[in-house]
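Peer 1: Once you've had a glance at the structure underneath, I'll fire off some questions.
The values are calculated or read from the model by the stated rules, or taken from the named source; none is laboratory data. Just so we're clear, the structure is a prediction, and the values are computed from it rather than from any experiment. A quick note on method: Cβ atoms are made from the backbone with ideal geometry, for glycine too, and the neighbour counts reach across all protein chains shown. Heavy atoms of the whole protein, side chains included, go into the accessibility calculation; ligands, DNA and RNA do not. Shrake-Rupley method; radii C 1.70, N 1.55, O 1.52, S 1.80 Å.
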Amino acid sequence: MSGGPGVRPRASAVVAGVYAAAAALACWGLGRTLWDGVADRGTALAFGVLITVGELVRWEPARAGGPGRAAGEREHAPLGAAGALAYALLGEVGGRPATHDVPQVVAVVLAAGLVALVPRIALGRGPALDPLARRVLTAGFAAVCCQPLHAAGPLAAWPAGGPAYPFFMIGLLALTALCDAVLAAALHRARTGWPYGPLLRDELRALPGIGSAVCATGVVISLATAVAGLWALPVFCLPLLLTQFAFRRFAAVRDTYRQTIASLARATEIAGYTAHGHARRVAALSRAVGRELGLNEPDLDVLEYAALMHDIGQLSLLDPVPAGATASLPPADQRRIALLGGAVVRQTGVPAEVAVVVERQADPFRDQPLTARIVRAVNAYDDLAGESAAPGGPLRALERLRLSTAQDYEPGVVEALARVLARNGRTA
């Protein structure tokens, strides 16, 4: 996608900066480890295998690259992340002090990540370099904060030791999770051009869920390994692995649910009431506009469902609207179709918020919730842009929306729509 002037260079600079920092840290860690030799090779191998297995069972979202969530927006390899964190925090192994240092932590995490990339490349899926860069940087950060304490002697001799140690660990985990969230949001912003604030907010909102599970598992693995040795790895990794598979099943159910709604929305197309692909286009564009305006993930889901089903009320009409374009109808007819659609949606079992958006999409925009304002503007844009096959059709449709912002459309929504269209090169 192509944004405004300077957007692509800035995005490329962010990605290049993160990759450069990860590469510098990786080269330093790998070089020092090769020069000094691998300390406690059995432990390094065990944690390397754990991280590799965690990366290999990485969960890939079914909708990656689609109008909704994109790949890398969440932690999809929690076992690999927990293993890397545990190795960074490891101070003892079976009652004896651990002898690895910060460079070796970075080297093991890097080697495990590179090994896990081989099957992906062999299957033609391409290397997942963003997660690897994040993993190297966050593991290095945790190791830099924690390993000097272990290397210098008993933790009780340090201010962070003894009774203060739990608070030190909580603070370290919080900073590590925050570091990863900032990196994830920055890379995602560079890849998509979406606003950084909402992306970071979504990352932070996800931390109490999968983030807390990763941090807790990493700490438990490191503490259990200190007492029981390497046997603790498979024992304490199993719950997180089972949780990951359960989450994958839950995500599959959600994707099936979304596909069911999309299939129901196509009923108006099959019956000849709306143009082919109209509901899908409005849903994708509405979600992009909602993200541009800073909506969170639950609101974006409601917005997408409502946009998919916004024309379902036309099934109750005796005569189809010409080309399915409700934007050109009188306001009273638009409200009647919207109310009919809301009544139908309430019978489908989707959340009540979706039906409210469908019902209120034809109300005066000052009385609408933001989601309904978005659906109203995007639906009108798609209707108006489809009226002309000329190259300037999308631009003329956008200008018509701008001319109607005093009464029909929220100006902020129309401008957000213009930015999304410009970023995708769709206003030519």
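Peer 1: Determine whether residue 393 is surrounded by fewer than 20 Cβ atoms within 10 Å (Cβ to Cβ), closer than 20 Å to residue 276 by Cα and in contact (Cβ under 8 Å) with a residue 24 or more places away in the chain.
Peer 2: Answer is no for this residue.
Peer 1: Let me ask you something else. Go through the range 266-275 and report how many residues are in contact with an Asp or Glu (Cβ under 8 Å, 6 or more places away or on another chain) and either of a type outside the set (A, V, I, L, M) or assigned to a helix (DSSP H, G or I) (or both).
Peer 2: Here the count works out to 3.
Peer 1: Could you check residue 74 against (1) closer than 23 Å to residue 208 by Cα; (2) at pLDDT 85 or above and say which number it fails?
Peer 2: Unmet for residue 74, out of (1) closer than 23 Å to residue 208 by Cα; (2) at pLDDT 85 or above: (2).
Peer 1: Sticking with this one: Can you go through 246, 267, 275, 284 and tell me which one is modelled with pLDDT under 85 and either within 18 Å of the chain's Cα centre (by Cα) or under 23 Å from residue 202 (Cβ atoms) (or both)?
Peer 2: Only one candidate passes the filter, namely 246.
Peer 1: Okay, next question. Is there a residue in the range 284-291 that is among the polar types (S, T, N, Q), out of contact with any Gly (no Cβ under 7 Å at 6 or more places or on another chain), open to solvent by 60 Å² or more (accessible area, probe 1.4 Å) and part of a helix (DSSP H, G or I)?
Peer 2: Among the residues of the range 284-291, not one is among the polar types (S, T, N, Q), out of contact with any Gly (no Cβ under 7 Å at 6 or more places or on another chain), open to solvent by 60 Å² or more (accessible area, probe 1.4 Å) and part of a helix (DSSP H, G or I), which makes the answer no.
Peer 1: Sticking with this one: Does the range 165-175 include one or more residues that are open to solvent by 30 Å² or more (accessible area, probe 1.4 Å) and modelled with pLDDT of 85 or more?
Peer 2: Yes, the conditions are met somewhere in the range 165-175.
Peer 1: Among the residues that make up the range 343-353, is at least one of them more than 26 Å from residue 266 (Cβ to Cβ) and either at pLDDT below 85 or not in a helix (DSSP H, G or I) (or both)?
Peer 2: no
Peer 1: Of everything in the range 293-342, what is over 12 Å from residue 362 (Cα atoms), at pLDDT below 75 and of a type in the set (A, V, I, L, M, F, W, C)? Give them in sequence order.
Peer 2: Those that are over 12 Å from residue 362 (Cα atoms), at pLDDT below 75 and of a type in the set (A, V, I, L, M, F, W, C): 317, 318, 321, 323, 325.
Conditions (1) buried (at least 18 other Cβ atoms within 10 Å of the Cβ); (2) over 18 Å from residue 83 (Cβ atoms); (3) modelled with pLDDT of 85 or more, marked per residue:
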| position | (1), (2), (3) |
| --- | --- |
| 216 | no, no, yes |
| 222 | yes, no, yes |
| 229 | no, no, yes |
| 239 | no, no, no |
| 254 | no, yes, no |
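Peer 1: If I ask for residues that are at pLDDT below 90, of a type outside the set (Ser, Thr, Tyr), outside any helix (DSSP H, G or I) and open to solvent by 60 Å² or more (accessible area, probe 1.4 Å), which ones from the range 1-49 would you list?
Peer 2: 1, 5
Peer 1: Hey, another quick one. For the range 242-265, state whether one or more residues are closer than 30 Å to residue 414 by Cβ and among the small types (Gly, Ala, Ser).
Peer 2: The answer is yes; a qualifying residue exists.
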